[in-house]
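Every read-out reported here was derived from the displayed coordinates using simple, explicitly stated rules and does not represent laboratory data. Only a predicted model underlies this, so the values are computations on that prediction, with no experimental measurement involved. Here the Cβ positions follow ideal geometry from the backbone for every residue, glycine too, while neighbour counts run over all protein chains shown.
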Amino acid sequence: MLRFGDIEYPSLEGRVPDTEWETRVNLAALYRAVDHFGWNDLTQAPLSARIPGEPYYLFAPEGILFDEVTASSLVKIDIDGNAIDKSSLPHLKAAWWPNMAVHAARDDANYVIHTHEDHIMALSARKERLLPVSQSAGFGIAGGIAYHPYDGVETYPERVPGLQASLGDKFVMILENHGAMIVGPSPWLAIYLLSALQKSCRVQILAGPSADLIALSDEIIAEMAAEIVKGPALGNSWLSLLRKLDRVDSTFRR
């Protein structure tokens, strides 16, 4: 048995299909990466993943910190947020709705990151939107950015249609006065886009008034869209991040 605090739960390694286990490890790694880089918000703004070949998803149990998440602790749920295995750890169904909106709307939403990172929230509260004033911003903007106006806490199913309409075909959606949602076809692209968004928001805030900033041209931004997915380095980059996380604390693989 595995445990955190007084809570015990079984290891699922070797007890679930290989594709599900790989997805569990990848999602647990994303939780640990978000925590490692200081982009977490205690237990709030959870991450999720789609299990390949199944109509099910993985979500974090309720009340554990990001650096406590393991592959086996993740809860398998259906699109409505109901646990498939009734013996799994409890989860907060209300927190599922923002992620559900993205997964249900997009076939390529294999990994979804909901973030309340400070610089992203700060930028989301400004009237001016994210500007292409750094290379990081260029990559973040290359696929287009959606914006969703704040209309209250989004932990209700009634908020789903509005979130989906705002997201459209974009991979990054800034939630005004709130944070952002990241759509990741792969775990690496999800964490890469979060990193680019965080850095570009931080740089824009540090650089000062927008009237004084030099913006990248539309032509350069268009070129950056192709650079994001170029070559086999994407898989290698994810493996390098896994190695880093292993050096920090490999228990996410349990």
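Quick notes on this one:
- Neighbour counts of C-beta atoms inside 10 Å place 70, 251 in the sequence 251, 70, starting with the fewest.
- Using C-alpha pairs under 8 Å with a sequence gap of at least 6, the mean separation divided by the residue count of segment 58-206 gives a relative contact order of 27 percent.
- Neighbour counts of C-beta atoms inside 10 Å place 41, 212, 169 in the sequence 212, 169, 41, starting with the fewest.
- Dimensionless Rg over Rh [segment 127-196; C-alpha; Kirkwood]: 0.97
- Cut-off 12 Å between beta-carbons: net charge of the residues surrounding residue 78, Lys and Arg +1, Asp and Glu -1: 0
- Normalised by the number of residues in the chain, the average gap of Cα pairs under 8 Å and 6 or more apart makes the relative contact order 21 percent.
- Largest-first principal axis extents of the Cα set of segment 109-254 (Å): 44, 39, 27
- Dipole magnitude for the chain: about 340 debye, using +1 per Lys or Arg Cβ and -1 per Asp or Glu Cβ, origin at the Cα centre.
- Report note on the peptides 185-193, 152-160: ranked by the mean count of other C-beta atoms within 10 Å, highest first, their order is 185-193, 152-160.
- Reported to the nearest whole Å, the Cα centre-to-centre distance from segment 36-55 to segment 145-165 is 18.
- Average Cα contact separation per residue, segment 165-224, under 8 Å, 6 or more apart, as relative contact order %: 15
- Environment charge at residue 181 (Cβ cut-off 15 Å; Lys +1, Arg +1, Asp -1, Glu -1): -3
- Evaluating kT/(6 pi eta Rh) at 10 °C and 1.306 mPa s, with the Kirkwood radius of the chain over Cα pairs in the Stokes-Einstein relation, gives 85 µm² s⁻¹.
- Ordered by the count of other Cβ atoms within 10 Å of each Cβ, fewest first, 42, 197 give 42, 197.
- Checking the cross-link pairs 86/199; 127/244; 199/244 against a 31 Å limit on the alpha carbon distance flags 86/199; 127/244 as lying beyond it.
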